[in-house]
Structures are given as C-alpha cells and as structure tokens.
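Only one structure is covered here, and it is reproduced in the block below.
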Amino acid sequence: MTEAPEQITISWKGINVYALPQSPGCCRRPPPEAQPKHILKDVSGIVKPRTLMAIMGASGAGKTTLMNILNSRNRGKLVLQGDVRLNGIEADREMIAGVSAYVQQDDLFVGTLTVREHLRFRALLRMDRRLSKEKRLAKVEEVIQELGLSKCADSVIGTPGRIKGISGGEMKRLSFASEALTNPPLMFCDEVTSGLDSFMAQSVVQSLRTMVSKGHTILCTIHQPSSEVYDMFDEVLLLAEGRVAYMGNKDGAIDFFQRNGFTCPKNYNPADFYILTLAIVPGNEGEGRKRVKQICDQFKGTQETVCMEEAITEVNKKSSQNYSALKELIDVKRYGASYFQQLRSVLWRSGITTLRDPLVLRVKLIQALVIGLVLGLVYLKTDNDYTQDEVMNVNGIIFLVITNVTFTNVFSILNSFPLEVPVFLREYGSGLYRVDVYYIAKSLVEIPSLVIVPFLFITVLYWMSGLYYDAESFLVCAGIGILGANVAASFGYIVSCSASDVSIALAIAPPLIIPVMLFGGFFLNNGTIPDWFIWLKYLSWFKYANEMMIVNQWRNIDSIECENSNGTASERCFRNGDAVIDSLNFDKGNQYLNLGLLFALIAGFRIISFLALYIRARRSSS
Ligand SMILES: Nc1ncnc2c1ncn2[C@@H]1O[C@H](COP(=O)(O)OP(=O)(O)OP(=O)(O)O)[C@@H](O)[C@H]1O
C-alpha cells in the first residue's frame, strides 16, 4: 500500500484579487478613468486533510482565479491581498510547489509512450532521488493498481486525431497517476471531469476519493457534476461574482439555501440548482446581482462562516509546531533526478518516440528521393564535358541543393517543434528536467535524420545531374549539404522557440529566409551586394555553402567548350572552371573559412534558440 502522505491543511483569508487596467493596444496607456477589476472579494476558506472539495460557480465566478492564487501559479499580473497558509504557516510559491501537485484541465502527454512507460519516465525523474530504482518502479505498479490503469498499462497513450490510444477517462486518471507518484499531500485539480461521460466522470472522482482516504487534501474546480459525482465530494465552495456564496459540508448547502428562500426541488441535481441560482442571466443582470449579493451577505453571518474562521484561527495557532515537518517536505530539490539521469531518460524517450513514429522519417526519405529523382531527370547528364549553357545549369543545381535542404529542414522543424513545446513547458514547470537537458536530447536524437535525408537527396541528384564525377567531390558536396541542413534546422529552432504557435512560426520564417537566400550568390553577384547589406551576407549559409560547392565543382575542370549544347557559339565563354568561379566573385581559398563559418552558424543559432526556449520556459513557470 502507498504510505500516507504528510497531512496538509490549506487555509486562505481575506483574499482580494485585482486585475489592473490593460492597455488598449501597443504603446498605448490605459485610459486614466479605468479602474482595476476586483475579481475575488474577501474570500476565505479552509480545507483539512482527507477532504475532497469541489469549487463550483457559474462561468466567470472566479474559480480558476482562486485556484491559481491557492496553488501560486499562472497569476500573471494580478494584484493579490490576503494570505494562503499551509498548516497555519504563511506559504510562498516554493512552499506550495513543494507539497502540492496541480492536475491541469488539458492532459498533455507524449502519445507514443505506453501508460507504464510514461509513469516510469516520471518516476525516474520526479520521485525522491534517495529512493532506489526498484522502489520507484514498484511505486509505479502501485499507482497503476490504485488508479485502475492495469487494463491499459501497456497500451500507448495516443494523440487525439493521430494515434488511437487510451480513453479520455483513462487519460484523466493517468494525469492523476503522474502526480500521485510523488505522493503530494495537497492536490489541485482543474475541471476534473470536463469532456468525460458520466460513467468516466464517476470513475475519475472515485480515484480522487481513494487518494483522499489515504490522507490527501484535494481541491477541484468542477463544472456541472451529475448528482452521483456531486455526492462523492465532502465539501463544496460556491463562488458567485468573486464572493463566497457558501463553503462547508455539501449537505449543509441545501439547508443554507433553503433557509434563505431557495429550495432545491426534489429529484433535482443540487449542483445544477446552485449554479442556476447563482448565475447572472444576460438581460436580467440586476435581479441576478441582487440575488447573489443577498446570498453572499447571508452566508457571511452564518454559523458556517463563524466555524470556518475559528478553524482558520485554530490552525494558525499551531503553526510553530507544524513548521519542522513542513520544512522537511519543502526542502526537496527543484529536480528529482541528477543531470545524467535526466539526460538518459529524456534521450530514451526522444529515441523511442522517433522509433515508434517512423512515419515522419519515412515521409522525409520519400520526399528526398522523389525531389532528387525529379530534379535529376530535369538536369539529366552523365559526363563532365560541359558546354556554356550547362555551366548555368550546374550552378542552378548547386543552388537548388542548398535551397531544398534549407526549406525542407526549416519547415519540418516549424511544423513539428511548436507542437511539442506545451508538453515541454508543462514538464519543465513540474521540475522533471532542465531546459538544456531537453534541448541536448532533442538535438542528439535528430542528428541521424539531419544526416541521412540530405545525404540521400544529394546522392540521387549528384550522380544524375552531371555534377563533377568524382567520389571525393561527391562526398565534399554531400558534407556541405548536410552542414547546410543542420544550419537550416538550427535556424528553424530559433523561429520555433520564439513563436507562440505553428502558424506564427510559419508566417515569420519566409521573410527571414528570403534575404539570407538573396545573398547566397545566385540571384545577386557576390561582388555587387550594397555595402549596407553586407552584414546580411555574413549570416547567409546559402553564400558559404554555395561558394564551397561551386569551388568543389569547378576547380578541377580544365576546359569548357565555348559553344552551347545546340552547337551555337555562346556570347560569353568560360574557358575553364576557374573562370566560372571568378565570374561569381568566389574565392578558391575560402573553403576552410566557409566550413568554419557554417559550423559557427550552427553553434550560434543553437545558442540563440536555446536562450529563446530558456526564456520561454522561465516565463511560463513564473
Ligand atoms: N488577468 C485578468 N485580467 C482581467 N480580468 C480577468 C483576469 N483573470 C480573470 N479575469 C476576470 O475575472 C473573472 C473570473 O475569471 P475566472 O477565470 O476565475 O472565472 P471562472 O469561474 O473560472 O470561469 P469559467 O468557469 O468560465 O472558467 C472573469 O470575469 C474574468 O474575465
């Protein structure tokens, strides 16, 4: 059996929350007459261990705001008055995070893992590092049993709309199981049953009841529970217009409303009745507000309020006795696992995700093969006797190679990475791993695809299109293409880590790539770039890769026919490869410099994208 957690009583007193007036647009101040919005108004409450509390109220009542204040997350720029206490001790963010878990409304998982693998991954990263691996894995099995996940333990979690996986109810239970591994004494759950049918909703709340019976304190916001689900809660907190309309034993709520002239009809779901009674109906706001004010004012004078305030005072008095036990709980490290354990686990997960979802790699390989074949057929040539018009073709192929590896790799990152960011932010926020661990693991796992795919494309195109027939030149060309693909992917990461979603990433990438492409030496001669744009030339991996590939192609060509393929005399004649290189203002002596600059761009872009991800992660967890 799971050991009982330390017991936590959470209390809050005189909570007032204000949202400051927002500016109506960029660079504009809010109008001087704008007042802060008073969201929560003098809200107090207490929840003791072994209690499952439902926070309910109409939409906009302040449930989410209260939950965020109590668990000290997602507060944004709200102004807070009042205090939140754990076992009577005034709690700061670290303290709350140290003893609690937050099960958020949307379940975010890596869909390719099975339920058991996901829980093992979390157990290795999140549980106390002093526990042996065997104990952690045993805990995973216990949690699987307790939360009724045995049937689906080896099923893949799935990704809605892509990979069929476990049901919505199982996913919700898996969210609880993920948090239950660390046995947090206090749990906050947002919208626990939304999107579930009544049977699933009951089974999820039953899981919470099991945890509560072991000593956990659990607070849930819940929308329209069925009577059966409502009956499973011990206590209820009803919010209306940011005020407490009722808080206490759920059976007492019926009496309280009845005493004030609001009788719940027989066979009517009490939860629906409270929400309807406390709702402000559009078109009849005046009456609704009067009713809410009356109920909230009445509740302030009730015995329930007096008892609640006494209970808060009582627990506050004992705060000094509780301090050392609580301190021990909180003194856990930010990360449950060592750096190398984090790296090993995240690498394992990234690897398994790539292997189990081979479709992406397969599509990339087929795409490389098809584009290589099509371009190869267009430029088909099987010897190294070049005519003047073939010089232009060869230079075109070289630029096409760089353009293709750039666009396929940038857009593949833009289309995939922003979708993974929410899972990363959630896991980073829960202290699973560091940003650098995630970034390094991700970068290492994708190396094979960043090598194999461009290599396949260049192999097909190189030999079909009459580029210089020589194994060494081919390998140099493939190597430059692979480097170009890596610079492009690193650039894709800068955009993906800075943009908030896929559509924004896709919108900002082309205007950033096009200038870099323009200075690649194909559309604009390298010697004619205006001085004020020279700096852009230095950021252009197109320029470095193009110069290297052009030199690699032409440096061994000693003579070129002075006529076109159809036998006509060409107006301009490049007599040998060097003449072609010179005409583009490229320099044979720049090969090593260009190579170094390509590596420098990879390193620079990776560092910038890492910093962008780091800033984003820090912001989202503050
Ligand atoms: N940062 C904010 N700035 C301005 N107003 C806010 C902010 N956060 C919340 N509010 C307002 O405070 C009120 C309560 O919002 P909250 O999200 O807590 O309600 P809720 O009961 O959770 O609603 P729902 O059930 O619809 O999610 C709403 O009127 C909302 O518009």
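Listed by position, the strands (runs of 3 or more DSSP E) contained in the stretch 151-240 that have at least 3 residues being farther than 24 Å from residue 125 by Cα, in contact (Cβ under 8 Å) with a residue 24 or more places away in the chain and open to solvent by less than 10 Å² (accessible area, probe 1.4 Å) are 217-221, 235-240. Report, by residue number, each residue of the stretch 359-386 that is modelled with pLDDT of 90 or more and closer than 24 Å to residue 582 by Cα. Result: 379, single match.
Every residue, every condition in (1) open to solvent by 10 Å² or more (accessible area, probe 1.4 Å); (2) within 16 Å of the ligand (Cβ to nearest atom); (3) without any contact (Cβ under 8 Å) to a residue 24 or more places away in the chain, yes or no:
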{"site": "69", "(1), (2), (3)": "no, yes, no"}
{"site": "75", "(1), (2), (3)": "yes, yes, yes"}
{"site": "94", "(1), (2), (3)": "yes, no, no"}
{"site": "101", "(1), (2), (3)": "no, no, no"}
{"site": "109", "(1), (2), (3)": "yes, no, no"}
{"site": "115", "(1), (2), (3)": "no, no, no"}
{"site": "119", "(1), (2), (3)": "no, no, no"}
{"site": "126", "(1), (2), (3)": "yes, no, no"}
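Touching a Lys or Arg at 6+ places or on another chain (Cβ under 9 Å), of a type in the set (Val, Ile, Thr) and under 21 Å from residue 546 (Cα atoms): does that describe residue 394? Here the answer is yes, as residue 394 does meet what is asked. Number of residues in the stretch 455-476 that are within 28 Å of residue 415 (Cβ to Cβ), open to solvent by less than 20 Å² (accessible area, probe 1.4 Å) and either of a type outside the set (Phe, Trp, Tyr) or in contact with a Leu (Cβ under 9 Å, 6 or more places away or on another chain) (or both) equals 3. Taken together, the residues in the stretch 473-516 that are within 25 Å of residue 530 (Cβ to Cβ) and free of Cβ contacts under 8 Å to residues at least 12 places away in the same chain amount to 3. Restricting the search to the stretch 265-298, which residues are in contact with a helix residue (DSSP H, G or I) (Cβ under 8 Å, 6 or more places away or on another chain) and open to solvent by less than 30 Å² (accessible area, probe 1.4 Å)? Across the stretch 265-298, the qualifying residues are 269, 270, 271, 273, 274, 277, 278, 279, 292, 295.
Could you go through the stretch 477-496 and let me know if any residue there is open to solvent by 20 Å² or more (accessible area, probe 1.4 Å) and farther than 18 Å from residue 605 by Cα. Within the stretch 477-496, one or more residues are open to solvent by 20 Å² or more (accessible area, probe 1.4 Å) and farther than 18 Å from residue 605 by Cα. Starting from the stretch 396-425, take each residue that is small (Gly, Ala, Ser) and list its partners that are not in a helix (DSSP H, G or I), counting only C-beta distances under 9 angstrom and pairs at least six apart or across chains. Note: pairs meeting the criteria are 396/379; 396/522.
Scanning the stretch 72-112 for residues that are modelled with pLDDT of 80 or more, small (Gly, Ala, Ser) and in a loop (DSSP other than H, G, I, E, B) yields 72, 88, 91, 111.
Per-residue answers, yes or no, for (1) within 29 Å of the chain's Cα centre (by Cα); (2) more than 16 Å from the ligand (Cβ to nearest atom); (3) closer than 30 Å to residue 429 by Cβ:
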residue	(1), (2), (3)
189	yes, no, yes
192	yes, no, yes
256	no, yes, no
288	no, no, no
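The values are calculated or read from the model by the stated rules, or taken from the named source; none is laboratory data. Keep in mind it's a predicted model, so treat the numbers as computed, not measured. Ideal geometry is used to build each Cβ from the backbone, glycine not excepted, and the neighbour counts take in all protein chains shown. In case anyone asks, the SASA skips ligands and DNA or RNA and just uses the protein heavy atoms, side chains included. Shrake-Rupley method; radii C 1.70, N 1.55, O 1.52, S 1.80 Å.
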